[in-house]
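The structure under discussion appears below in the form of structure tokens.
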Amino acid sequence: MADISIIGTGNMGQAIAAVAGRGGHTAQLLGQSDGTVEVASDIVVLAVPYPALQDVIRERGASLAGKVVVDITNPLDFETFDSLVVPADSSAAAEVAAALPDSRVLKAFNTTFAGTLAAGKVGDLTTTVLIAGDDTEAKNALAEIVTSGGLEAVDAGSLKRARELEAFGFLQLTLAAGEKIGWTGGFGTIA
Ligand SMILES: NC(=O)c1ccc[n+]([C@@H]2O[C@H](COP(=O)([O-])OP(=O)(O)OC[C@H]3O[C@@H](n4cnc5c(N)ncnc54)[C@H](OP(=O)(O)O)[C@@H]3O)[C@@H](O)[C@H]2O)c1
């Protein structure tokens, strides 16, 4: 049993696994070729591009029942870089929650670039992971992994706040893509 399972072995999957490792937690990283490997934790991060969520849910949805499922996507239209592809009154996380009614879905990590998870810093500030979700116990469990890995975690409210987190992540991405901030920068939080 791992402390956290991460589906997707790219920049974010590896950065989140490293955060978990820094806090003494075990992380299971699952790539596309690991389709038959069982998810080994009760906390599962979907570290894949937004369009791939459908595939992951189709392939693994049944096995995610009863688990904490963390959506980290920024559902941008990457052709135009000018809009989100989810309806304005919804979010990718809301779609995941609708598709996985027996899972406890959280939105997290979408406002922190991989580089800031790795560095633990945004400028002089400790990197803060904003976590939204309807289940306090689930949020606390993820926050414990984040904070023991040396980052800050802030409860950003119910899963409805995923909409704002996705807008926030979208804005931050446009700033970095436009070279107004660096990919190791971004928004910081002061308590
Ligand atoms: N990078 C950031 O700083 C950042 C920050 C906040 C949020 N995010 C979000 O985090 C997510 C991952 O971003 P990333 O930067 O880590 O991307 P990435 O480096 O491109 O990695 C994406 C991972 O998803 C896997 N994948 C793609 N399609 C899949 C499928 N159908 N089934 C299973 N796995 C699949 C890829 O596998 P293969 O390698 O085999 O193709 C790869 O391991 C995205 O939703 C992004 O919006 C990224």
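The values are calculated or read from the model by the stated rules, or taken from the named source; none is laboratory data. Computed from a predicted model, the values in this text were never measured in an experiment. FYI the Cβ positions are ideal-geometry reconstructions off the backbone, even for glycines, and counts take in every protein chain you see.
Counting only strands (runs of 3 or more DSSP E) wholly contained in the stretch 69-176, the ones carrying 3 or more residues that are hydrophobic (A, V, I, L, M, F, W, C) and out of contact with any Cys (no Cβ under 8 Å at 6 or more places or on another chain) occupy 128-133, 152-157.
All told, residue 8 meets the bar of being touching a residue at least 40 places away in the same chain (Cβ under 8 Å) and not aliphatic (A, V, I, L, M).
The strands (runs of 3 or more DSSP E) falling completely within the stretch 1-46 that include 1 or more residues that are hydroxyl-bearing (Ser, Thr, Tyr) map to 4-7. Within the stretch 20-38, is there a residue that is surrounded by 15 or more Cβ atoms within 10 Å (Cβ to Cβ) and within 12 Å of the chain's Cα centre (by Cα)? No, there is no match, as no residue in the stretch 20-38 is surrounded by 15 or more Cβ atoms within 10 Å (Cβ to Cβ) and within 12 Å of the chain's Cα centre (by Cα). Look at (1) closer than 17 Å to residue 173 by Cβ; (2) within 11 Å of the ligand (Cβ to nearest atom) and you find that residue 77 fails only one, number (2). Taken across the stretch 111-120, residues that are of a type outside the set (Lys, Arg), more than 19 Å from residue 189 (Cα to Cα), within 13 Å of the ligand (Cβ to nearest atom) and within 15 Å of the chain's Cα centre (by Cα) do not occur at all.
Let's see how each residue does on (1) out of contact with any Phe, Trp or Tyr (no Cβ under 8 Å at 6 or more places or on another chain); (2) of a type in the set (Phe, Trp, Tyr); (3) in contact (Cβ under 8 Å) with a residue 60 or more places away in the chain:
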position: 13; (1), (2), (3): yes, no, no
position: 17; (1), (2), (3): yes, no, no
position: 23; (1), (2), (3): yes, no, yes
position: 50; (1), (2), (3): yes, yes, no
position: 94; (1), (2), (3): yes, no, yes
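Of all residues in the stretch 147-163, at least one satisfies being within 13 Å of the ligand (Cβ to nearest atom) and either farther than 26 Å from residue 182 by Cβ or out of contact with any Gly (no Cβ under 6 Å at 6 or more places or on another chain) (or both). Scanning the stretch 36-53 for any residue that is more than 8 Å from the ligand (Cβ to nearest atom) and modelled with pLDDT under 95 turns up at least one such residue.
Within the span defined as the stretch 126-133, every residue fails to be in contact (Cβ under 8 Å) with a residue 12 or more places away in the chain, surrounded by fewer than 16 Cβ atoms within 10 Å (Cβ to Cβ), farther than 19 Å from residue 7 by Cα and more than 16 Å from the ligand (Cβ to nearest atom). Picking from residues in the stretch 134-153 that are without any contact (Cβ under 8 Å) to a residue 60 or more places away in the chain and among the small types (Gly, Ala, Ser), the one that is farthest from residue 26 (Cα to Cα) is 153.
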